[in-house]
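Colleague: For reference, the structure I am asking about is given below.
Quick note: the coordinates plus some simple rules give every number you see, no bench work behind them. The model shown is predicted, which means the values in this text are computed figures rather than measured ones. Cβ: placed from backbone, ideal geometry, glycine included. Neighbour counts: every protein chain shown.
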Ligand code: SF4
């Protein structure tokens with residue numbers, strides 16, 4: 001398998017299908033320190049040279065105090081390659097970590113989102129690219145279905161609340177076998193986040209479940225992704241798509257049960 005070819009084909013397919021990148025865009029890749037966003041950066045740099053449209057690519061990393069080791073190797077690697085990279089230490093996130101070390105993902109990601117928009121404003125970009133993979137989309141679909149009572153995953157493309165930025169996830173069709181192999185083949189340094197080592201989380205349980213099922217059904221995630229792009233609303237329970245008027249608000253008919 002030609003890894004780079006596979007990667008670019010799948011990233012190109014996502015960009016085209018969801019109109020993610022347009023002529024004149026200035027794209028900033030949110031580098032998390034992991035293999036996925038690093039692979040995304042490499043893919044977009046290659047496409048920047050080859051694509052028939054004009055767009056620019058840079059990268060940034062938000063420091064929230066959660067890296068397991070210093071981020072310097074990533075900076076050195078990018079500098080050697082001449083890739084513009086901004087390292088942004090987010091003081092409010094560091095204070096949060098000190099004051100509430102046990103804070104959850106909701107507050108952490110809220111702080112990160114604000115920091116990401118701060119950096120994007122400084123960089124003068126109009127598109128922010130995130131490294132969520134096909135695996136993340138599949139896990140999000142199951143997590144949302146099981147715990148929020150809503151059939152949804154992640155938006156492949158959307159805009160920030162104030163409309164200033166297009167937010168894109170061009171790795172939607174790329175699985176983590178590809179990002180792992182690609183990052184290794186290129187010798188891209190990876191600096192893990194402490195949270196990636198956590199056990200006993202829903203995310204970890206879903207990962208283990210998928211891994212077990214995929215031993216028997218290797219194309220499981222491809223099928224789940226296809227299903228997300230091929231919704232048969234007549235076989236779900238949302239009256240808005242069934243041409244019927246509910247007698248009572250749908251939310252009241254099916255209360256969400258989060259604990260059993
Ligand atoms: S996994 Fe860790 S870094 Fe990610 S949102 Fe949750 S607390 Fe923040």
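Colleague: Need one word for the range 3-230: rounded, prolate or oblate. Basis is the Cα gyration tensor (sqrt eigenvalues a ≥ b ≥ c); a/c below 1.5 gives rounded, then a/b vs b/c decides.
Modeller: rounded
Colleague: With the crude spin-label approximation of a point 7 Å out along Cα→Cβ, what separation in nm comes out for residue 19 versus residue 152?
Modeller: Using points 7 Å along Cα→Cβ, the separation is 2.1 nm.
Colleague: Give me the angle, in degrees from 0 to 90, between the Cα long axis of helix 105-123 and the longest principal axis of the Cα atoms of the chain, rounded to the nearest 10.
Modeller: Here the helix axis deviates by roughly 50 degrees.
Colleague: Same structure, new question: Between residue 162 and residue 244, what length in nm is gained on full extension when 0.36 nm per residue of separation is reduced by their alpha carbon distance?
Modeller: 26.1 nm
Colleague: Now for a different question. Would you mind calculating the gained length between residue 214 and residue 184 on full extension (0.36 nm times residue separation, minus the Cα-Cα distance), in nm to one decimal?
Modeller: Computed gain between residue 214 and residue 184 is 8.6 nm.
Colleague: Which of 45, 213, 96 ends up with the largest GNM mean-square fluctuation for the chain, with Cα atoms connected below 10 Å?
Modeller: Between 45, 213, 96, it is 213 that shows the largest mean-square fluctuation.
Colleague: Cα axis of helix 3-17 to longest principal axis of the chain: angle in degrees, 0 to 90, nearest 10?
Modeller: Here the helix axis deviates by roughly 60 degrees.
Colleague: Here is a follow-up. Which whole number of Å³ per residue matches the convex hull of the alpha-carbon atoms in the range 1-80?
Modeller: 119
Colleague: With each label point set 7 Å from Cα along the Cα-Cβ vector, what nm distance links residue 198 and residue 231?
Modeller: Computed distance between label sites residue 198 and residue 231 equals 2.8 nm.
Colleague: Which residues does a label at residue 72 reach in the range 165-193, if reach means a backbone N under 17 Å from a point 7 Å past the Cα toward the Cβ?
Modeller: The answer is 189-192, whose backbone nitrogens lie closer than 17 Å to the label point.
Colleague: Please identify, among 239, 52, 73, the residue showing maximal mean-square fluctuation in a Gaussian network model of the chain using a 10 angstrom Cα cutoff.
Modeller: Maximum among the listed residues: 239.
Colleague: Just to be sure I follow: if Rg is taken over the C-alpha atoms of the range 102-141 and Rh is the Kirkwood radius over the same atoms, what is Rg/Rh?
Modeller: Taking Rh as the inverse mean 1/r over Cα pairs, Rg/Rh reads 1.07.
Colleague: Quick one: angle between helix 202-216 and the longest Cα principal axis of the chain, in degrees between 0 and 90, rounded to 10, please.
Modeller: That works out to roughly 80 degrees.
Colleague: Also, I was wondering about something else. Of the candidates 107, 244, 231, which one comes out as most mobile in a Gaussian network treatment of the chain with C-alpha springs shorter than 10 Å?
Modeller: Sorting by GNM fluctuation, first place goes to 244.
Colleague: Can you pull the one-decimal nm distance between simple spin-label points at residue 223 and residue 142, each 7 Å off the Cα toward Cβ?
Modeller: The two pseudo-label positions are separated by 1.4 nm.
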